[in-house]
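Student: Submitted below is the structure of interest, expressed as structure tokens.
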Amino acid sequence: MVGKVAIVESLGEKAVLLPSLIATSLAANDRLKIRLTLLQEASAQASEPGRAPPSLESERRAAGLDDAAFEAIFSGARPLDAGHFVAPGAAVLAAGISGDLAAMLAPLEVVGGEEAAALKGRMAAIAGGLPSFAEDRVAHAEVLALASARREAGDSLHLLVMDLHRAINRLASATAVEDVDGAGAAGLDESARTRVKAFMRGLNRTKNLAFGHPGLATTAGRVGARLSIQNDIGTTDAHVLVVRVEGLTATTTYTDVHRPRAKFFISLFDGSGAQWSALGEKRQRNLAEGEVFYLLTGVFHAHDATELDRFLERLGSRIVFLIDWNKARKALQLFTGKKAAIDILTDAARRDEGHRAFLELGGAELIYEAIRNAASGRIAYGVPLDRALGDDQCQGFLRHVLHVACAGLQDGRSTRLIRDEIQADLSQRLDTAERETLAVALRHLGLTRMLAGMIETAFLPDRLASVDERRVLAARAKALEAKADRLTVEARGMSSRLRDAGDLLALIDQVEAATDCFDEAAFLISLAEGGGTDRISAPLSPLASLATESVAQMTRAVEGALLVPRGKREDAAFALKCIDAVTDAERAADVAERAAMAALLGPALSGAEARVVVLGLEIARTLEEATDRLAHAAMALRARLLQELSA
């Protein structure tokens, strides 16, 4: 295609015809796409007669195909045999294909040249082989051939329509008689020019977010009362947006080969008042994968010109977020689920940031690099990022990646600085994953501390609590222990995502074992009955107090450890001091256990029933074992703390 000036000069008076011919050709393009869609849906309906047929009435009528013969073309489709079906109106539909192709070719023939000649030759070959669908009888293979988008399989109606459309877009841009804020335009009056300016205001506001990617060329023309604005979006065939404005109504026609991206596009207009046609739930199963495009129609009725311009501006501003959208979705899905990836892209679009900067900086490789540099040795081998961080943290990280990439390129930061910011954020989130594991351990210790305190209060100065009180104690201990078990499972799952988590696992396991000891002690206390029962309270009370103190110090140690990653070194000193107190309590408990054993076997309990003495000895053993387990937990926490401080 030659340049604008040469074309206009060569055309002479014929150039006056072009705006009308181009507008007519674009309308024919819309009709051809609807014709193909109707055939595909009819083929699908005949293949699956039980499915609910979609409604394409609004799209069909918007394209000018309002013949009553089309109303039942797929709702009335029925199979004849394995390869054929009947579709009411198919013959009428086929009869209009050649005329629409001629309308698309018309403006290109005015210009002439090699491209127009080649397209005309292709059109003659395609038109000569078009099926007539006599008596509305259609072969599935005929639909497949018409809609094929695989160039290696030979030419097709679908390929010809796409190539004609591209050529018309280039012609419209090259022969535009005025530039309206970057849009090539022809035949505009003042009202139409104002509408185009509104659209371009939105497009120009966000177009730099493409970061050099080709696309977004816009053309506009007016025929009669209808204004047409077209944007080629990117470089993908069958990915085009056309807006027709008539009065206070804007009708948007959007085509896409990717259904998820089409749904994403619709979601960008939630709350705008635009009414969009429904997307079909299934692809045509008789068509090869990748050969179906989706066509959407959105209608917006404005109350006044200001509201119409506001919608057009919003529409123009959203187009950049469609470029390379599917590539970005696939990159994000390597680290999170499909729905989450789409939500992240939607959020980025609503923040006017998008995903192109992320792809420009390497896409998935940008994240892999951050994992290698910031998470090496911290995430267990083979553990996915969303499992290592948890879904919320992982999605937060990916949102941050898109934000930092966009802001960094816009501000002119070096790519090295952008990568460093991303890696720093990931490192902080990994710290958070470790802290969350400790936070679960802290909740576990809270239950253990409550249980230890309840046991301590069962030992009164001169007697044990009543039988009923001790039975209640055993029941409450069992309930607390069950809650603590659930926290243990949660903490183990979290720590399993982290690499070199042996100290954390040891901490979790030892706290669980201590809780089991307290539960067992409560059970044994509930069994104490018979002669001399009250006399075991005094020997065991000091040991119960030490066990409670041990849990309290362990709880404080974990609280201090939780603050260490935030850079509070005084909290590290506090945590280490509490750890030391836990080990002191364990040594004191050893002494207290021996004192209790001596008292239980001494003259103070002479005459007591043997089973009471045995119970007392067992209670002493379980309480001392609890302090021993807590001391092991404290040592595991100490090792983790020292590793943290030395990093």
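Student: Can you name the condition, by its number, that Gly298 falls short on among (1) over 18 Å from Tyr254 (Cα atoms); (2) touching a strand residue (DSSP E or B) at 6+ places or on another chain (Cβ under 7 Å); (3) small (Gly, Ala, Ser)?
Tutor: (1)
Student: OK, next. Just a yes or no: is a residue in region 598-605 modelled with pLDDT under 80, open to solvent by 80 Å² or more (accessible area, probe 1.4 Å) and farther than 15 Å from Arg629 by Cα?
Tutor: no
Student: Let me ask another. Can you name every residue in region 336-363 that is open to solvent by 10 Å² or more (accessible area, probe 1.4 Å), touching a helix residue (DSSP H, G or I) at 6+ places or on another chain (Cβ under 8 Å) and of a type outside the set (A, V, I, L, M)?
Tutor: Thr336, Gly337, Lys338, Asp343, Thr346, Asp347, Arg351, Asp352, Glu353, Arg356, Glu360, Gly362
Student: Search region 629-647 for residues being among the charged types (D, E, K, R) and buried (at least 18 other Cβ atoms within 10 Å of the Cβ), and hand back the single one that is farthest from Thr448 (Cα to Cα).
Tutor: Going residue by residue through region 629-647, those that are among the charged types (D, E, K, R) are 629, 638, 640, 644.
Subsequent filtering for residues that are buried (at least 18 other Cβ atoms within 10 Å of the Cβ) retains 629, 638, 640.
Values: Arg629: 12, Arg638: 20, Arg640: 22 Å.
The selected residue is Arg640.
Student: Taking Ala28, is it surrounded by 23 or more Cβ atoms within 10 Å (Cβ to Cβ), in a helix (DSSP H, G or I) and either modelled with pLDDT of 85 or more or at positive phi (or both)?
Tutor: Yes; evaluated as a whole, the condition is true for this residue.
Student: Could you tell me which residue of region 52-70 is surrounded by the fewest Cβ atoms within 10 Å (Cβ to Cβ), considering only residues that are over 14 Å from Glu41 (Cβ atoms) and acidic (Asp, Glu)?
Tutor: Out of the qualifying residues, it is Asp66.
Student: Just to confirm my filter: which strands (runs of 3 or more DSSP E) fall fully inside region 206-285 and include at least 2 residues that are modelled with pLDDT of 90 or more?
Tutor: Where strands (runs of 3 or more DSSP E) fall fully within region 206-285 and carry at least 2 residues being modelled with pLDDT of 90 or more, they are 240-246, 249-256.
Student: Shifting gears a bit: Just to confirm my filter: which helices (runs of 4 or more DSSP H) fall fully inside region 447-564 and include at least 1 residues that are out of contact with any helix residue (DSSP H, G or I) (no Cβ under 6 Å at 6 or more places or on another chain), open to solvent by less than 10 Å² (accessible area, probe 1.4 Å) and closer than 30 Å to Ala604 by Cβ?
Tutor: Where helices (runs of 4 or more DSSP H) fall fully within region 447-564 and carry at least 1 residues being out of contact with any helix residue (DSSP H, G or I) (no Cβ under 6 Å at 6 or more places or on another chain), open to solvent by less than 10 Å² (accessible area, probe 1.4 Å) and closer than 30 Å to Ala604 by Cβ, they are 537-563.
Student: Test Arg226 against the criterion of being open to solvent by 60 Å² or more (accessible area, probe 1.4 Å), in contact with a His (Cβ under 7 Å, 6 or more places away or on another chain) and farther than 28 Å from Ala407 by Cα, and give yes or no.
Tutor: Spelling it out, it is not the case that Arg226 is open to solvent by 60 Å² or more (accessible area, probe 1.4 Å), in contact with a His (Cβ under 7 Å, 6 or more places away or on another chain) and farther than 28 Å from Ala407 by Cα.
Student: Another question about this same structure. Collect the residues in region 335-374 that are within 25 Å of Ile233 (Cβ to Cβ) and among the aromatic types (Phe, Trp, Tyr), keeping them in residue-number order.
Tutor: Phe358
Student: While we're here: With at pLDDT 95 or above, more than 17 Å from Gly202 (Cα to Cα), out of contact with any Cys (no Cβ under 7 Å at 6 or more places or on another chain) and not hydroxyl-bearing (Ser, Thr, Tyr) as the only criterion, which of Asp347, Asp352 stands out?
Tutor: Result of the check over Asp347, Asp352: Asp347.
Student: So, one more: Here is a check on your reading of the model: is Arg60 touching a helix residue (DSSP H, G or I) at 6+ places or on another chain (Cβ under 8 Å), more than 24 Å from Ala185 (Cα to Cα) and either at pLDDT 75 or above or among the small types (Gly, Ala, Ser) (or both)?
Tutor: Here the answer is yes, as Arg60 does meet what is asked.
Student: In addition: Name the pairs whose Cβ atoms lie under 8 Å apart, with the first residue in region 245-269 and closer than 14 Å to Ala349 by Cβ, the second in a strand (DSSP E or B) and small (Gly, Ala, Ser), and 6 or more positions between them or separate chains?
Tutor: As it stands, the answer is Ile266/Gly298; Phe269/Gly298, since those pairs meet every condition given.
Student: Gln428 - would you say it is assigned to a helix (DSSP H, G or I), touching a residue at least 60 places away in the same chain (Cβ under 8 Å) and open to solvent by 60 Å² or more (accessible area, probe 1.4 Å)?
Tutor: Considered against the rule, which asks whether it is assigned to a helix (DSSP H, G or I), touching a residue at least 60 places away in the same chain (Cβ under 8 Å) and open to solvent by 60 Å² or more (accessible area, probe 1.4 Å), Gln428 comes out as no.
Student: So which residues in region 403-425 are surrounded by 15 or more Cβ atoms within 10 Å (Cβ to Cβ) and either under 21 Å from the mean Cα position of the chain (by Cα) or of a type in the set (A, V, I, L, M) (or both), if there are any at all?
Tutor: His403, Val404, Ala405, Cys406, Leu409, Ile418, Ile422, Gln423, Asp425
Student: Can you give me the number of residues within region 71-93 that are open to solvent by less than 60 Å² (accessible area, probe 1.4 Å), in a helix (DSSP H, G or I) and either of a type in the set (S, T, N, Q) or more than 26 Å from Ser228 (Cα to Cα) (or both)?
Tutor: Qualifying residue count for the region: 2.
The values are calculated or read from the model by the stated rules, or taken from the named source; none is laboratory data. All figures in this text were calculated on a predicted structure; none of them were measured in a lab. Note that each Cβ is placed from the backbone with ideal geometry, even for glycine, and that neighbours are counted across all protein chains shown. What goes into the accessible areas is simple: the full protein's heavy atoms, side chains included, and nothing from ligands, DNA or RNA. Shrake-Rupley method; radii C 1.70, N 1.55, O 1.52, S 1.80 Å.
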